[in-house]
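Student: Let me begin by handing over the structure; questions about it come next.
The values are calculated or read from the model by the stated rules, or taken from the named source; none is laboratory data. Everything numeric here is computed off the predicted structure, so don't read it as measured data. Positions of Cβ are generated from backbone atoms using ideal geometry, with glycine treated the same way; all protein chains shown enter the neighbour counts. Heavy atoms of the whole protein, side chains included, go into the accessibility calculation; ligands, DNA and RNA do not. Shrake-Rupley method; radii C 1.70, N 1.55, O 1.52, S 1.80 Å.
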Amino acid sequence: MNIIANPNKLRGFERSIKVENVSRRDIVKGLGIAGAFVLAAPLTSRPALAAYETGAGKMPHGVVVDPRVFVSIAPDGMVTIIAHRSEMGTGVRTSLPLIVAEEMEADWSRVHVQQAPGDEAKYGNQDTDGSRSTRHYLLPMRQIGACARTMLEAAAAKRWGVPATEVKAANHEVVHNASGRKIGFGELAADAAKEPVPNIDGLKLKDPKDFRYLGKGEVSIVDLRDITTGTARYGADVRLPGMKYAVIARPPVTGGKLVSFDGSEAMKVPGVEKVMEVKGWPWPSKFQPLGGVAVIARNTGAAIKGRDALKLIWDDGANGKYDSVSYRTELEAAARKPGLVVRKEGDVDAALKGADKVVVGEYYLPHLAHVSMEPPVAVANVKGDKAEIWAPVQSPGGTHEDVAKTLGIPVENVTVNVTLLGGGFGRKSKCDFALEAALLSKELGAPVKVQWTREDDVRHDFLHTVSVERIEAGLDKNGKVIAWRHRSVAPSIASTFAAGAVHQAPFELGMGLIDMPFEIANIQCENPEAAAHTRIGWFRSVSNIPRAFAVQSMVGEIAHATNRDQKEMLLELIGSPRIVNLSSVKDPWNYGEPYSSYPIDTARLRKVVELVAEKGEWGRSVPKGHGLGIAVHRSFVSYIATIVEVAVDEKGKLTVPRVDTAIDCGTFVNPERIQSQLEGAAVMGLSLAKYGEITFKDGKVQQKNLDDFPVIRIDESPRVTNVYIVPPGPETPPSGVGEPGVPPFAPALVNAIFAATGKRIRALPIGKQLET
Amino acid sequence: MIKLKINGQEQTWEGDPTLPLLWFIRDEVGLTGTKFGCGEALCGACTVLLDKEAVRSCVTAVSDVAGREVTTIEGLHPTGDHPVQKAWRQANVPQCGFCQAGQIMQAASLLMQNPKPSHDQIREAMSGNICRCGCYQRIENAVHLASTGV
Ligand code: FES
Ligand code: FES
């Protein structure tokens with residue numbers, strides 16, 4: 001723990017936080033009639049969560065549990081807590097510090113949250129992705145808070161000359177009950193800082209029944225007021241004296257190169273100051289910039305206008321033939337032939353041959369762009385061998401290292417200030433835009449802001465993969481599924497790191513393919529080869545999107561083929577409550593988590609299906625033209641089931657009157673933010689199902705902005721989305737929330753469309769497929 | 001020279017008259033609450049008020065608003081407590097927050113023109129403003145809350 005006489009001394013993205021406490025009643029009132037928020041059962045007292053193992057220690061730079069790094073107390077009692085992960089809308093900048101405040105007995109209205117710069121040697125891993133923050137940091141943040149509380153109690157006990165066991169921290173002060181003495185945190189801060197940091201093994205954590213904040217959903221995000229008044233600071237909002245504004249023309253084809261350019265017309269645009277080449281790296285090069293030509297101006301508008309006037313000649317290179325129509329045919333052909341076997345139980349060939357009936361489903365899911373509301377943007381100020389960056393990055397630590405490497409300077413000389421992110425969804429895990437700013441600033445010798453336009457964002461994204469998923473299910477004469485072969489063929493994210501990667505990496509295979517939880521005697525999963533021709537990256541929930549779509553659509557197809565209810569079919573396939581045995585899989589990955597703490601537990605999978613069916617009134621009668629669909633999927637070690645009601649009118653116009661989603665994410669911190677994440681996941685799921693498609697012709701992305709890559713707007717959004725949270729068992733470790741809401745949505749939607757119309761959608765987006 | 005008022009303060013511009021108002025506001029005046037999301041009037045992130053009307057500042061030239069009064073999110077209410085802003089906080093609307101200034105300006109304009117919109121009218125009036133995080137249910141409820149108090 002630190003004592004700060006002068007809070008301004010603190011490094012990083014300093015901002016004052018005003019916290020508005022919104023009562024639970026107000027939240028419910030604010031939500032009005034739509035969108036009831038229901039905990040499936042009240043949270044009751046339960047023993048403190050026993051220590052459990054996570055994969056946090058295996059992340060780069062692991063976990064730092066040190067109150068001196070994360071907590072400071074000023075003499076006036078103001079507690080500053082560091083948020084070391086990036087805020088992109090999940091609420092993590094509030095929830096992790098809230099855990100510390102809870103455990104140290106700080107009063108939240110006297111807490112400042114301060115964003116950490118990118119520095120993993122100091123803070124531990126900062127990669128804000130993989131729905132990992134609460135899962136990896138609930139326990140460490142509790143331990144940090146408990147250390148701080150123990151130190152404050154020890155300091156008070158010493159001052160009063162009483163045993164530490166007789167004093168207790170409560171609501172920002174330490175109390176000695178026997179004598180009625182009290183002393184505030186601020187007054188104790190200097191002494192507490194001199195106390196040894198306790199060993200975490202002997203730490204006493206609070207009894208959850210005494211929680212004031214955790215699990216309650218009554219604390220609003222710390223940035224709420226700033227967001228509503230326009231003072232919240234995102235990447236593009238950073239302004240430095242003498243700062244230049246830049247936009248860059250990049251090679252239109254991945255791996256393409258600049259041949260020549262003429263900037264003379266651009267230089268005539270009022271406000272344009274310079275036209276210059278930007279260094280690019282050959283593809284693939286992880287997150288290094290694509291290169292191109294930058295236009296430097298006194299404001300962004302002039303830079304954009306100048307760029308429009310550039311004359312550019314490119315060499316498109318080997319990917320200049322990439323064409324989405326022919327690529328789809330290639331993927332389909334590959335999916336119809338045997339591929340690399342990545343899971344095998346029993347004898348699928350024999351079982352399919354002997355089956356009474358074989359149901360085959362082949363599903364196509366195209367590339368998607370992230371289009372986070374804030375396009376990529378970064379500010380850099382490079383002077384000599386020192387660099388300072390301001391950027392909305394999900395990877396503060398990675399950016400810190402990559403800037404140093406790209407500029408060839410020591411990592412200690414680089415400061416990465418993490419701003420708020422206007423959405424991330426995986427795009428901002430790649431720091432190419434920050435590297436561009438660093439390179440330009442170095443060359444210009446001035447601070448510079450690189451702004452990506454929406455067209456840049458759509459055309460030069462690290463796209464969600466494109467895939468064909470083919471499932472063959474063999475049924476015996478009683479309609480029981482006895483064989484299941486799933487071939488998944490898609491270019492891998494590994495192709496962004498290394499040339500020639502044609503198979504999916506374990507972290508992709510583990511997203512809904514090899515971890516398929518159904519109880520079937522003969523299972524075979526295969527991964528035929530697919531070469532990438534553009535940059536592939538993580539998109540919120542990643543390969544779970546195509547896998548859940550295929551597997552859960554197939555459940556609907558089998559239910560139809562055997563004339564059964566979708567939900568009953570789903571529960572039959574999930575089978576008995578058990579821990580799924582994945583011993584036949586070489587590398588089951590499991591989201592980087594130990595299987596002992598986070599097994600595939602079909603009892604939990606069944607439970608979310610049953611909960612959503614009950615609360616979402618599965619089987620209710622719906623008007624003509626409406627239909628209900630259901631899907632369940634485990635991802636990021638959480639369990640989520642979704643019911644979608646659709647309405648399809650005579651012309652084929654699709655609307656969504658109601659969505660119900662149940663999640664089991666183990667022990668949780670802020671149910672109100674879980675609810676908002678799942679509401680948002682329904683909208684994103686509907687966007688990708690209805691419209692999402694990036695296509696290529698002659699190696700170039702054919703879409704450019706939000707008109708030809710549309711996303712769902714409010715008038716098409718679900719009329720109501722209800723969220724149900726399974727109360728955790730006493731020892732259930734926390735699991736992911738940000739991503740897992742997305743995968744079950746699209747299959748629930750197409751199952752609902754089938755119920756409404758009898759039409760089975762096997763390729764996304766739905767587009768005009770329903771039009772009559 | 002072009003003169004205009006932004007949040008009651010006089011501003012002048014001697015540069016390119018076709019410069020989009022968005023970049024004048026953000027880069028030249030330095031008010032960064034108004035956001036860039038598309039540049040093509042497709043997303044509403046850049047919404048400001050021209051008198052009572054919501055306009056997309058990314059496709060409005062500075063010369064188009066010469067002599068006019070522009071209000072940005074920073075000028076909506078002196079203490080940030082416009083009924084729409086209050087309703088937004090009460091309903092915990094934002095996720096990442098990036099679209100929210102534009103959403104709030106659009107909602108404020110809607111309520112000036114139609115103080116008691118129905119849910120369908122809210123969905124219609126707000127449909128030019130994209131929220132990629134998908135806060136729509138709360139946006140709809142917050143506009144309703146701002147207009148009715150419940
Ligand atoms: S930035 Fe103006 S509408 Fe999108
Ligand atoms: S809150 Fe993120 S785009 Fe609307």
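Student: Specify the inter-centroid distance of the stretch A:219-265 and the stretch A:630-656, based on alpha-carbon positions, in whole Å.
Tutor: 35 Å
Student: Same structure, new question: What is the packing order of peptides A:450-456, A:440-446, A:730-736, A:594-600, taking the mean over residues of other C-beta atoms within 10 Å and listing the highest first?
Tutor: So the order, starting with the most tightly packed, is A:450-456, A:730-736, A:440-446, A:594-600.
Student: Quick one: what Rg and Dmax do you get for chain B from the alpha carbons, in Å?
Tutor: Calculated on Cα positions, Rg and Dmax stand at 14.9, 47 Å.
Student: Under a crude label model (7 Å from the Cα following the beta-carbon direction), how far is A:Val358 from A:Val502 in nanometres?
Tutor: Calculated label separation equals 2.5 nm.
Student: Let me ask something else about it. Over 38 Å, how big is the tail of the calculated P(r) for the protein assembly as shown, in percent of all Cα pairs?
Tutor: Pairs farther apart than 38 Å: 44 percent.
Student: What quantity of accessible surface, computed with a 1.4 Å probe and excluding non-protein components, is buried in total between chains A and B, in Å² to the nearest 100?
Tutor: Summing both chains' loss of accessible area gives about 5500 Å².
Student: By the scheme Lys and Arg +1, Asp and Glu -1, what is the net charge of all other residues having a beta-carbon under 13 Å from that of A:Ser179?
Tutor: Around A:Ser179, the charge tally is +3.
Student: Which length gain, in nm to one decimal place, applies between A:Ala318 and A:Lys651 when the Cα-Cα distance is subtracted from 0.36 nm times their residue separation?
Tutor: 115.5 nm
Student: Next question. If you average 1/r over every pair of different alpha-carbon atoms in the stretch B:83-147 and take one over that average, what Kirkwood value in Å do you get?
Tutor: 11.3 Å
Student: In Å², what does the accessible area per residue of the protein assembly as shown work out to with a 1.4 Å probe?
Tutor: Per residue, the protein assembly as shown has 34 Å² of solvent-accessible surface.
Student: Where Lys and Arg each count +1 and Asp and Glu each count -1, what net charge lies around A:Ser687 among other residues with Cβ under 12 Å from its Cβ?
Tutor: Around A:Ser687, the surrounding residues sum to +2.
Student: Stokes-Einstein at 25 °C, 0.890 mPa s, Kirkwood radius from Cα pairs: D for the stretch B:2-76 in µm² s⁻¹?
Tutor: Answer, rounded: 207 µm²/s.
Student: Using just the helices of the protein assembly as shown, give the 222 nm mean residue ellipticity in deg cm²/dmol: DSSP H runs with n ≥ 4 each add -39,500 (n - 2.57), and the total is spread over all residues, rounded to 500.
Tutor: Taking each H run of at least 4 residues, the total per residue is -8500 deg cm²/dmol.
Student: May I pose another question? For A:Asn544, what is the net charge nearby, where nearby means another residue's Cβ is under 14 Å from its Cβ and Lys, Arg count +1, Asp, Glu -1?
Tutor: -2
Student: So, one more: Given a cut-off of 31 Å, name the pairs among A:Lys279/A:Lys305; A:Lys216/B:Lys86; A:Lys274/A:Lys405; A:Lys305/B:Lys116; A:Lys122/B:Lys86; A:Lys122/A:Lys607 whose C-alpha atoms lie farther apart than that in the structure shown.
Tutor: Over 31 Å Cα-Cα: A:Lys305/B:Lys116; A:Lys122/B:Lys86; A:Lys122/A:Lys607.
Student: Per residue, how big is the convex hull of the stretch A:444-554 when only Cα atoms are used? Give it in Å³.
Tutor: Output value, Cα hull per residue: 130 Å³.
Student: Go through A:525-531, A:671-677 and give me the packing order, highest mean Cβ count within 10 Å leading.
Tutor: The most tightly packed comes first, giving A:671-677, A:525-531.
Student: Right, another one. With 27 Å as the limit, write out which pairs from A:Lys257/A:Lys449; A:Lys428/B:Lys35; A:Lys430/A:Lys697; A:Lys337/A:Lys690 have Cα-Cα distances beyond it, or answer none.
Tutor: Violating the 27 Å limit, Cα to Cα: A:Lys337/A:Lys690.
Student: At a 1.4 Å probe, what is the % contribution of carbon and sulfur to the accessible area of chain A?
Tutor: That share works out to 52 percent.
Student: Find how many whole Å separate the alpha carbon centroid of the stretch A:675-706 from the alpha carbon centroid of the stretch B:96-150.
Tutor: With the stretch B:96-150 and the stretch A:675-706 each reduced to a Cα centre, they are spaced 23 Å.
Student: Further question on the same structure: With +1 on each Lys and Arg Cβ and -1 on each Asp and Glu Cβ, how big is the dipole of the stretch A:645-718 about its Cα centre, in debye rounded to the nearest 20?
Tutor: 280 debye
Student: Can you give me the span-like helices of chain A, meaning DSSP H runs with 24 Å or more of Cα extent along the axis and Kyte-Doolittle mean at or above -0.5?
Tutor: Membrane-span-like by this rule: A:133-160, A:544-561, A:671-690.
Student: Oh, and also: If you count, for every residue in A:672-684, the Cβ atoms of partner chains within 10 Å of its Cβ, what is the mean?
Tutor: Average neighbour count from other chains, rounded to a whole number: 4.
Student: When the Cα centres of the stretch A:288-356 and the stretch A:98-134 are compared, how far apart do they sit, in Å?
Tutor: 37 Å
Student: Among A:148-161, A:388-401, what's the highest-first ranking by average C-beta atoms within 10 angstrom per residue?
Tutor: A:388-401, A:148-161
Student: Could you work out Rg/(2.2 N^0.38 Å) for the stretch A:509-613, with Rg from alpha carbons only?
Tutor: Rounded to two decimals, the normalised Rg is 1.17.
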